[in-house]
Amino acid sequence: MYNTIDSIAHALNRKLLKYKERRQKGYHSGNSMGEDLMVAIEAMEEELAVVNGNALEAAVEDFIDPEAPSITKIDSFDLETPVPIKEAIFALDYVDHDFYVFKNEDSGKLNIVYKRNAGGVGQIEL
């Protein structure tokens, strides 16, 4: 049994040494793809800066991100007229979102009623 363990240990040692030698000689080394890509991008930027002068800076400033969030709808709430809490909950069912902002008739403060994920309605008093 010890002979088997010794032979396996010797085989693993040989493989590790072989792998280490190959790494040192450069078989498994070199620049990674990310490093090569950064070098290429920097070279392109330098070339464009030389050719175009300030045109590169202008292009960067004029860039519009297509993934940037944009406002698609604006809602307005009447916060001057106080509303009873029951009416606000009733109105919550008729708006196209999960919350309703109003001025509470009892306290005179701003309140938000919202539909809870677990069911029911929640209230936030500001």
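The table below lists the values:
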item	result
Pairs with Cβ under 7 Å, 6+ apart, first in region 104-126 and in contact (Cβ under 8 Å) with a residue 24 or more places away in the chain, second basic (Lys, Arg)	LEU110/LYS103; VAL121/LYS115
Scan of region 104-123 for residues that are within 18 Å of ASP93 (Cβ to Cβ) and in a strand (DSSP E or B), ordered by number	ASN111, ILE112, VAL113, TYR114, LYS115, VAL121, GLY122, GLN123
Qualifying positions in region 65-103 - open to solvent by less than 50 Å² (accessible area, probe 1.4 Å) and assigned to a strand (DSSP E or B)	VAL83, TYR100, VAL101, PHE102
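The values are calculated or read from the model by the stated rules, or taken from the named source; none is laboratory data. Every value quoted in this text rests on a predicted model; they were computed, and no experiment measured them. As a convention, Cβ positions derive from the backbone with ideal geometry for all residues, glycine included, and neighbour counts pool all protein chains shown. For accessibility, only protein heavy atoms count, side chains too; no ligands or nucleic acids. Shrake-Rupley method; radii C 1.70, N 1.55, O 1.52, S 1.80 Å.
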